[in-house]
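The values are calculated or read from the model by the stated rules, or taken from the named source; none is laboratory data. Remember, predicted model here, so these are calculated numbers, not experimental data. No Cβ is skipped: glycine too gets one built from the backbone with ideal geometry, and neighbour counts run over all protein chains shown.
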Amino acid sequence: MAKHKKTPQRLDPKRARQLIAKIEKVCSGTITTRMKVCGKPECRCATDPDARHGPYYEWTRREGKRLLHSVVSAAEANDLQTAIANYRKVQQLMKEWEAHSVELIRSTHPQSPRRNHH
Ligand SMILES: [Zn+2]
């Protein structure tokens with residue numbers, strides 16, 4: 001078996017910005033799938049867990065202080081999954097960009113007084 005070695009690589013900030021610029025959609029939240037029982041006593045789902053209906057896709061997200069749940073189609077869930085992954089990618093890229101910016105700013109102003117952390 002081939003081993004994948006992931007060395008922590010510092011991103012070029014230009015590349016981080018380019019990658020962010022390419023992203024079309026970002027969404028927050030999570031997608032969960034559920035199987036449901038319809039409630040009809042004659043239906044197979046009443047006795048067989050494998051015969052439950054679905055999957056149904058639910059998108060859970062925060063809007064301000066409220067937690068919102070919505071049932072979405074499989075196609076929409078798929079689209080949302082991509083956008084959610086993009087959101088996380090942008091957050092990661094922003095962190096890299098920020099770290100690089102701090103280094104850059106500090107090296108540009110080597111003489112500024114440093115405040116100690118307490
Ligand atoms: Zn059923």
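Being farther than 30 Å from Asp12 by Cα and of a type outside the set (S, T, N, Q) is the requirement here; does Leu93 meet it? No; evaluated as a whole, the condition is false for this residue. Any chance region 23-31 includes a residue that's part of a strand (DSSP E or B) and at pLDDT 95 or above? Yes, region 23-31 contains at least one residue that is part of a strand (DSSP E or B) and at pLDDT 95 or above. Pairs linking a residue in region 35-54 that is closer than 19 Å to Ala74 by Cα and more than 9 Å from the ligand (Cβ to nearest atom) to a residue that is modelled with pLDDT of 95 or more and charged (D, E, K, R), with Cβ atoms under 6 Å and 6 or more positions apart or on different chains, are Met35/Arg52.
Looking only at region 41-56, decide whether some residue is part of a helix (DSSP H, G or I) and under 30 Å from Arg15 (Cα atoms). Within region 41-56, none of the residues are part of a helix (DSSP H, G or I) and under 30 Å from Arg15 (Cα atoms).
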